[in-house]
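Worksheet: one structure, shown below.
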Amino acid sequence: MTKNFEKINDSLIKRQKSEKNFKLFGLIGIICAISFLIIILTSIIIEGKKAFVSTYIKLDVFFDSKIIDPDNTKEDSVIKSANFNEIITKSILENFPEVTDRKEKIKLSTFISSSAEDELIKLIILDKALIDQKKELWLLASSTIDVIHKNPDMLNFPEDERLIDDKELKWFQWFLSEEKIKFSANKNFFSNADSTEPEQAGIWGAFVGSFLTLFVTLILSFPIAVAAGVFLEELAPKNKFTDFIEVNINNLAAVPSIIFGLLGLAIFLNVMHLPRSAPIVGGMVLALMTLPTIIIATRASLRAVPPSIREAAIGLGATKFQTVTHHVLPLSMPGISTGTIIGMSQALGESAPLLMIGMVAFIVDSPGSIFDSATVLPVQIYLWKSTAARGFVELTAAGVMVLLSFLVLMNAIAVYVRYKFEKKW
Amino acid sequence: MKKISLIAATVALGFSVESFARDQIKIVGSSTVYPFATVVAERFGKTSGFKTPVIESTGSGGGLKLFCKGLGTEHPDITNASRRIKMKEVKKCSKNGVTDITEIKVGFDGIAMANAKAGPALELTLKDIYLALAKVVPADPEGNTVKPNPYKMWNEVNPNLPAAPIVVVGPPPTSGTRDAFNELAIERGCKKFPGRKALKKKDKKLYKKECRGVREDGPYVEAGENDNLIIEKLVADPGALGVFGYSFLDQNRDKVKAAKVDGVFPEFEAISSGKYPVSRSLFFYVKNAHASVIPGVKEYVKEFTASKAIGNNGYLVPKGLIPLPENERAKFEKDGKTLAKFDSSVLKKK
């Protein structure tokens with residue numbers, strides 16, 4: 001007896017030690033995962049939060065009637081075609097009377113974003129009494145100035161490593177010392193679509209594109225997937241053929257998304273001649289990709305409904321169709337909705353299949369319908385990332401923040417729906 | 001049934017859209033021309049009253065493939081290219097009915113070889129680039145015979161270079177930058193060997209294969225059509241050398257520095273005067289049959305060829321475009337106005 005006890009005691013220490021090690025490894029794994037997540041998120045947020053403000057420069061703008069409306073017509077078309085760039089250039093030059101060289105004047109005028117001209121046009125059209133008046137205005141600065149303003153350590157770099165030369169630096173420091181330069185909320189980021197000028201580029205166009213694409217995806221994939229799931233689970237006979245279909249649906253869920261893009265290119269574009277770059281095609285491709293996810297979720301939640309419900313309905317004389325539509329399907333809806341939302345958030349983050357059908361494109365006008373050219377959030381991030389201008393670095397990070405917050409939101413809704421409505425049997 | 005009727009409805013929808021008129025210009029093509037074309041398109045959209053054109057960056061080869069697929073609104077109207085169209089592509093175009101196209105040259109681009117600020121300053125020659133990156137290199141000093149590229153270190157190629165491993169990060173074969181790099185840097189380095197030059201007359205195909213082929217055993221790393229990615233890789237690895245367009249060099253001077261090629265830095269003046277050896281022309285091609293159907297094509301071409309865009313003081317110059325000489329630009333502005341038909345016989349002469 002005692003011998004056996006000793007044996008057990010010996011092995012106990014060993015077994016407890018390996019248990020401890022097992023826990024430790026698990027803990028290390030989780031700590032690694034969390035710390036990577038924190039590193040990624042903080043680096044994105046540190047970079048991305050800069051994009052939510054832009055630099056503005058204060059100027060005394062004189063709305064010279066000689067430039068805007070020399071014949072005193074007060075007509076909008078005359079004002080729109082006026083050279084507002086000259087008005088802006090003149091108002092900057094007022095601060096620097098020593099600048100006379102033409103090239104230097106041009107350099108100075110590029111301190112202000114080209115979108116400021118449109119702002120001034122709008123201002124004048126709204127209030128024509130401003131003509132021949134002087135007004136103090138904060139105008140949007142160009143991206144180069146914005147980058148310098150946001151990264152003050154750049155000021156100490158040698159001239160050829162800086163984005164601006166020594167003269168521009170002197171002017172910039174003058175604005176700083178006079179407090180004629182400030183940060184203010186970046187309105188363009190939430191209201192504009194893509195642009196080649198970082199200070200005018202925004203996420204709105206891509207957001208609308210994502211919305212239209214996901215709308216098409218949902219309209220197509222949800223009814224088809226639920227119908228297919230109900231058919232396979234409740235109505236279809238169990239034979240080799242349905243087994244074959246089942247295996248294939250599970251396989252389809254594991255197919256890389258780019259393959260669906262190739263399919264979309266071959267069928268939707270080359271055979272059906274649908275327009276390139278349009279949300280309708282993107283939505284159809286993503287619907288194909290989302291189908292297996294929703295079908296699998298539908299079948300799992302149908303299976304979770306206890307057979308007693310079906311038996312009771314059939315016992316009371318309901319047909320199979322009535323049993324499904326009146327009882328089984330409503331009871332499994334929370335599970336199906338959760339699966340659908342997760343499928344949708346997958347589709348929201350997808351970019352590879354859209355590359356094939358031309359949604360990776362430079363698009364300035366926000367799409368108005370599912371047939372217009374559009375791009376989506378992850379693609380917009382990719383496009384900004386591959387642009388040369390420095391101002392796009394922070395926009396990329398800000399775009400990632402927007403995309404991630406939508407993904408978190410959608411997944412939170414899925415979790416909430418599951419907890420709130422799911423029945424435990 | 002539900003499924004079948006839905007599919008039928010989708011198909012029916014598909015065919016009804018075929019006649020869907022397009023009022024927006026579609027442009028595809030080179031990733032090098034893309035940053036310039038997008039600026040022009042945005043200005044065009046703001047000032048002309050037409051819709052802003054949609055531009056896809058597909059690479060020069062990919063763009064011409066889409067462009068040559070046929071006529072009709074589902075095909076692009078314009079393709080950008082960072083090299084000239086090839087005879088093969090002209091033939092493919094005319095096979096599909098795209099016979100009338102206009103060629104517009106918009107400017108020059110230098111292909112820079114650069115490494116991180118922390119890396120050593122390099123002075124390369126075309127011969128060094130060839131020996132470091134070609135798939136096969138001469139086995140004898142004259143270059144009559146070849147062997148697979150054995151070089152792993154820069155100082156094996158040229159004793160004046162540092163004793164560091166050869167790592168070059170560059171674009172993939174679908175890129176026009178890569179085509180131009182193979183032709184302008186590697187092939188020209190190859191020609192410095194008399195035996196190789198003699199081969200061109202004897203067996204042109206073999207010459208092209210051996211003098212333009214890039215090694216696939218590791219030292220040349222393909223980085224995809226994303227020049228920013230190349231720059232990030234260079235910063236992470238100061239020993240690596242990158243291959244990319246001048247505009248990216250210009251925007252990232254605080255991160256990377258260019259290597260001299262044949263004693264010349266890739267600078268604005270050196271590229272436009274042709275002193276810098278690895279420079280090429282940028283083009284776009286217009287489908288003339290579309291110009292009368294899609295609104296705005298002619299006006300877009302006019303905007304892109306105007307002196308205020310690509311002239312010496314044009315708004316694309318600060319973006320990194322190296323302008324054409326004024327008389328050449330004026331010629332292409334005229335070509336754009338009349339949509340002069342591209343004469344493919346000029347391709348054969350070369």
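The values are calculated or read from the model by the stated rules, or taken from the named source; none is laboratory data. Not measured: the values here are computed from a predicted model. Neighbour counts run over all protein chains shown; Cβ positions are idealised from the backbone, glycine included. What goes into the accessible areas is simple: the full protein's heavy atoms, side chains included, and nothing from ligands, DNA or RNA. Shrake-Rupley method; radii C 1.70, N 1.55, O 1.52, S 1.80 Å.
Just checking, does the stretch A:273-284 include any residue being more than 24 Å from residue B:58 (Cα to Cα), open to solvent by less than 70 Å² (accessible area, probe 1.4 Å) and part of a helix (DSSP H, G or I)?
no
Do we have any residue at all in the stretch A:198-218 that's among the aliphatic types (A, V, I, L, M), open to solvent by 80 Å² or more (accessible area, probe 1.4 Å) and in the same structural domain as residue A:290 (by TED's automatic domain parsing)?
Taking every residue of the stretch A:198-218 in turn, none turns out to be among the aliphatic types (A, V, I, L, M), open to solvent by 80 Å² or more (accessible area, probe 1.4 Å) and in the same structural domain as residue A:290 (by TED's automatic domain parsing).
Looking at this structure, is residue A:87 over 20 Å from residue A:183 (Cβ atoms), open to solvent by less than 30 Å² (accessible area, probe 1.4 Å), touching a Lys or Arg at 6+ places or on another chain (Cβ under 9 Å) and not hydroxyl-bearing (Ser, Thr, Tyr)?
no
Taking the stretch B:39-59, which residues are of a type in the set (S, T, N, Q) and either more than 7 Å from every other protein chain (Cβ to nearest Cβ) or out of contact with any strand residue (DSSP E or B) (no Cβ under 9 Å at 6 or more places or on another chain) (or both)?
Across the stretch B:39-59, the qualifying residues are B:47, B:48, B:57, B:58.
Restricting to the stretch B:161-197, what's the tally of residues that are open to solvent by 50 Å² or more (accessible area, probe 1.4 Å) and either polar (S, T, N, Q) or more than 15 Å from residue B:110 (Cα to Cα) (or both)?
Matching residues across the stretch B:161-197 total 9.
Filter the stretch A:111-135 down to the residues that are assigned to a loop (DSSP other than H, G, I, E, B) and more than 23 Å from residue A:186 (Cβ to Cβ), then identify the one that is least open to solvent (accessible area, probe 1.4 Å).
A:131
Kindly provide the set of residues from the stretch B:183-227 that are at pLDDT 80 or above, acidic (Asp, Glu), out of contact with any Phe, Trp or Tyr (no Cβ under 9 Å at 6 or more places or on another chain) and within 24 Å of residue B:31 (Cα to Cα), ordered by number.
Of everything in the stretch B:183-227, those that are at pLDDT 80 or above, acidic (Asp, Glu), out of contact with any Phe, Trp or Tyr (no Cβ under 9 Å at 6 or more places or on another chain) and within 24 Å of residue B:31 (Cα to Cα) turn out to be B:183, B:216, B:222.
Of the conditions (1) part of a helix (DSSP H, G or I); (2) within 14 Å of chain B (Cβ to nearest Cβ); (3) under 30 Å from residue B:228 (Cβ atoms), residue A:373 clears all except one; give me its number.
(1)
For the stretch A:93-110, give me each residue that is part of a loop (DSSP other than H, G, I, E, B), open to solvent by less than 100 Å² (accessible area, probe 1.4 Å) and either within 14 Å of chain B (Cβ to nearest Cβ) or not polar (S, T, N, Q) (or both).
Matches in the stretch A:93-110: A:94, A:96, A:99, A:101, A:110.
Among the numbered criteria (1) away from every other protein chain (no Cβ under 14 Å); (2) surrounded by fewer than 19 Cβ atoms within 10 Å (Cβ to Cβ); (3) assigned to a loop (DSSP other than H, G, I, E, B), which single criterion is violated by residue A:350?
Condition not satisfied by residue A:350: (2).
Just to verify a result, which residue in the stretch B:120-137, among those that are open to solvent by 10 Å² or more (accessible area, probe 1.4 Å) and assigned to a strand (DSSP E or B), is modelled with the highest pLDDT?
B:123
Scan the stretch A:313-323 for residues that are surrounded by fewer than 13 Cβ atoms within 10 Å (Cβ to Cβ) and either in contact with a helix residue (DSSP H, G or I) (Cβ under 7 Å, 6 or more places away or on another chain) or not polar (S, T, N, Q) (or both) and jot them down.
A:315, A:316, A:317, A:321
Give, as residue ranges, the helices (runs of 4 or more DSSP H) completely inside the stretch B:27-119 that count at least 3 residues that are surrounded by 24 or more Cβ atoms within 10 Å (Cβ to Cβ).
B:34-48, B:60-67
If residue A:43 meets every condition in (1) over 30 Å from residue A:124 (Cβ atoms); (2) modelled with pLDDT under 85 apart from one, which number is that one?
Among (1) over 30 Å from residue A:124 (Cβ atoms); (2) modelled with pLDDT under 85, the lone unmet condition for residue A:43 is (2).
Which of the numbered conditions does residue A:183 fail, given that it passes all the others? Conditions: (1) open to solvent by less than 40 Å² (accessible area, probe 1.4 Å); (2) at pLDDT 90 or above.
(1)
Of all strands (runs of 3 or more DSSP E) completely enclosed by the stretch B:238-297, which ones contain at least 1 residues that are touching a Pro at 6+ places or on another chain (Cβ under 6 Å)?
B:256-258
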